[in-house]
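Some notes on the structure that comes next.
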Amino acid sequence: MARYIGPKTKIARRFKDPIFGSDKYYEKRSTIPPGQHGNARRRTKQTEYAIQLGEKQKVKYTYGVLERQFYKIFEEAVRIKGVTGENLIKFLEARLDNTVYRLGLATTRAGARQLVGHRHITVNNKVVNISSYKLKPGDVVGVREKSKSLETINISLTTSNVKRFNWLTWDSSTLSGVFVSLPERDQIPENIKEQLIVELYSK
């Protein structure tokens, strides 16, 4: 699957949010708009459509999802009961690559996708190499036995900023976690206005 491999700080500055995680270059230049001329460029007021489109692009970059796949997730969010925007974010959080990232096995979602793609990750003791694999409550996500000594995983798990989330449990002795349930919207820390995306697709 194609993925974005361009400059990440530039994208983060466009959305005024460190969507790819901690970034020392973003911290230095977060107040300066991206582009050759920075603050010298004339900025026109954004239209309602531009704001909605920008929010959708921000979410796609955050979770590393391309347009076709994103729209399929949105259609699924529309079909089930509940608030469409919240369902959309919950389904994105239930992706395998995102869960590997949330468990602290990788410091970025891109790193988590790489672990999944290189067959280092298991679901219910079976190797799964599909980043978009949708987890169900009760699924156990772990590290393949041969991969438990990987330096990149051990470094990620020993960083001081690993966060734990209410919808996931973690067992450090087995390097595995359980996807307990879909998260509630107020448990998800991403700065996303999902209602703007719903309005965009409703046009």
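Key figures for this structure:
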| read-out | value |
| --- | --- |
| Residue identified as in contact with a His (Cβ under 8 Å, 6 or more places away or on another chain) and crowded, with 19+ Cβ neighbours inside 10 Å among VAL143, VAL100, VAL65 | VAL143 |
| Residue count for region 179-203, restricted to those that are of a type outside the set (D, E, K, R) and in contact with a helix residue (DSSP H, G or I) (Cβ under 8 Å, 6 or more places away or on another chain) | 11 |
| All positions within region 72-86 that are in contact (Cβ under 8 Å) with a residue 12 or more places away in the chain and either in contact with a helix residue (DSSP H, G or I) (Cβ under 6 Å, 6 or more places away or on another chain) or under 11 Å from ILE197 (Cβ atoms) (or both) | ILE73, PHE74, ALA77, THR84, GLY85, GLU86 |
| Conditions (1) over 18 Å from the mean Cα position of the chain (by Cα); (2) surrounded by 14 or more Cβ atoms within 10 Å (Cβ to Cβ); (3) within 30 Å of ALA50 (Cα to Cα): number failed by THR169 | (3) |
| Filtered residue count, region 45-79, keeping only those that are at pLDDT below 95 and of a type in the set (A, V, I, L, M) | 6 |
| Test: ARG68 is charged (D, E, K, R) and in a loop (DSSP other than H, G, I, E, B) | no |
| Among (1) at pLDDT below 95; (2) in a loop (DSSP other than H, G, I, E, B); (3) polar (S, T, N, Q), the one test that SER156 misses | (2) |
| Verdict on THR107 being at pLDDT below 95 and touching a Ser or Thr at 6+ places or on another chain (Cβ under 9 Å) | yes |
| Residue list for region 165-178, filter: in a loop (DSSP other than H, G, I, E, B), under 24 Å from VAL127 (Cα atoms) and in contact with a helix residue (DSSP H, G or I) (Cβ under 9 Å, 6 or more places away or on another chain) | PHE165, TRP167, SER172, LEU175 |
| Out of SER172, SER147, sole residue that is at pLDDT 95 or above and small (Gly, Ala, Ser) | SER147 |
| Filter result (in contact (Cβ under 8 Å) with a residue 40 or more places away in the chain, assigned to a loop (DSSP other than H, G, I, E, B) and not basic (Lys, Arg)) within region 88-138 | ALA94, LEU103, GLY104, LEU105, ALA106, THR107, THR108, SER131, SER132, LEU135, PRO137, GLY138 |
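The values are calculated or read from the model by the stated rules, or taken from the named source; none is laboratory data. All values reported here derive from a predicted model rather than from experimental measurement. Note: ideal-geometry Cβ built from the backbone for every residue, glycine included; neighbour counts use all protein chains shown.
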